[in-house]
Amino acid sequence: MKTYKPTTPSRRRMSTVTYRGVLTTNEPHKPLTRGFKRGVGRNAFGRITTYYKGAGHKRSYREIDFMYDKLDIPAKLQTVEYDPNRSGFIGLAAYADGAKRYVLVPKSMKAGDTFIVSSNAPLTTGNRLPLKSIPVGTFVYNVELKPRGGSKLVRSAGVFAQVIAHDGGYTSLKLPSSEVRKVTDACFATIGEVSNDEFRLRNLGKAGRSRHLGRRPKTRAMAKNPVDHPYGGGEGAQPRGTRRPKTKYGKTTGGHKTRRPKKYSNVHIVSRRVNRKK
């Protein structure tokens, strides 16, 4: 992590991730980038559906390969790059057949290293193979939920899932949330853990950095008018006045379970995540 001299009050606690010695280029591979519309909390009619989002720096989207459909073709990592749209680092992979794809880079991998997507790939960091071929205790990321359906789980900076059992065509994974979940053992996963594990330790330090990321100031519910929130209004500070905390629309929150009771994946969850109190 990089810290700063306290030349101003906001600089005093500010910290950023150190990119020097990690990233190899500042410019993305242009054929794999495109423009896109930022999510600013509006629906198709332009009405605000998620508050406190908007503005922020303009970004170009890097097309990341989460399908990994280049089977049994070795690839070499040419670059390690910053991606403004995700927390982990990405890298440009050049396959032996001439194709180039952006991939999510694991923690210990650097430019010049090679990897392969194969059912009989060696158990080394960056290689991708079916869960049934991965021994118990191994750390994995970029996990599929359906065979050849593309990576869906464990993609944020510094996270990993651990293989803890194989049984009856399923592999049990302990996810970063501490939930234990069964996944079909024909699904592919990548060996290792996602890069940029210091991301969670950064301290934005000032409101301007939040605005730069597209996060607008948040207004306390009790500071609003009665028309805008159930907690609004009153002369001076008022208590909540309701048994349970609720949203602007009156829906219970703050510990209320939102998962559908009959969700299709309930049968695959071995144990629920542990709710850690802050």
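Here are the numbers:
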read-out: Computed helical MRE - 222 nm, the chain, DSSP H runs ≥ 4 contributing -39500 (n - 2.57), nearest 500; value: -500 deg cm²/dmol
read-out: Value of Rg/Rh across the range 81-155 [Cα atoms, Kirkwood radius]; value: 0.94
read-out: For the range 1-73, fraction of C-alpha pairs farther apart than 21 Å, in %; value: 63
read-out: Selection from ASN266, HIS256, ALA237, by position along the positive dipole direction of the range 227-278 (Cβ); value: ASN266
read-out: Check: the chain dipole with +1 on Lys, Arg Cβ and -1 on Asp, Glu Cβ, in debye; value: 2040
read-out: Hz values of 3J(HN,Hα) by residue in the range 74-81 - Karplus curve (6.51, -1.76, 1.60), Gly and Pro given as x; value: x, 9, 10, 7, 8, 9, 10, 10
read-out: Global size of the range 145-278 as Cα Rg and Dmax, reported in angstrom; value: 20.8, 63
read-out: The range 227-278: Lys pairs at Cα distance under 23 angstrom, eight or more positions apart or on different chains; value: 10
read-out: Per-residue HN-Hα couplings for the range 183-190 [Karplus 6.51, -1.76, 1.60; θ = phi - 60°; Hz; x = Gly/Pro]; value: 10, 3, 6, 7, 6, 8, 8, 9
read-out: Backbone HN-Hα couplings from phi across the range 202-212 [Karplus 6.51/-1.76/1.60, Hz, Gly and Pro as x]; value: 5, 10, 4, x, 8, 5, x, 5, 5, 5, 4
read-out: Under 27 Å from the Cα of LYS30 - lysines, other chains or at least 8 residues apart; value: LYS58, LYS70, LYS76, LYS100, LYS107, LYS110, LYS152
read-out: Estimated D of the range 227-278 in µm² per second, where Rh is the Kirkwood radius over Cα pairs and Stokes-Einstein applies at 20 °C, 1.002 mPa s; value: 149
read-out: Restricting the range 182-278 to chymotrypsin sites (Phe, Trp or Tyr not before Pro) in coil, as DSSP defines it, with at most 16 other Cβ within 10 Å; value: TYR249
read-out: Förster-model FRET efficiency, 35 Å R0, VAL40 and ILE164, C-beta, rounded to 0.05; value: 0.30
read-out: Computed log₁₀ I(q)/I(0) - Debye formula, equal Cα scatterers, no solvent, the chain, q 0.07, 0.08, 0.11 Å⁻¹; value: -0.35, -0.46, -0.84
read-out: GLN78-LYS248 pseudo-label distance in nm [points 7 Å out on the Cα-to-Cβ vector]; value: 4.6
read-out: The range 227-278: relative contact order in percent, alpha carbon pairs under 8 Å with at least 6 residues between; value: 24
read-out: Amide proton proximity set for ILE269, modelled H, under 5 Å, gap of 5+; value: LYS182
read-out: Cβ-based charge dipole, the range 156-216, positive-most Cα from PHE160, THR184, LEU204; value: LEU204
read-out: Cα-centred dipole magnitude for the range 1-72, charges only on beta-carbon of K, R (+1) and D, E (-1), debye, nearest 20; value: 680
read-out: Loop-located trypsin sites (Lys or Arg not before Pro) in the range 238-267, at most 14 other Cβ atoms within 10 Å (DSSP); value: ARG240, ARG243, LYS248, LYS251, LYS257, ARG259, LYS262, LYS263
read-out: Virtual spin-label span in nm between LEU71 and LYS2, 7 Å along Cα→Cβ; value: 4.3
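Bear in mind that the values in this text are calculations on the coordinates, not laboratory data. Only a predicted model underlies this, so the values are computations on that prediction, with no experimental measurement involved. A quick note on method: Cβ atoms are made from the backbone with ideal geometry, for glycine too, and the neighbour counts reach across all protein chains shown.
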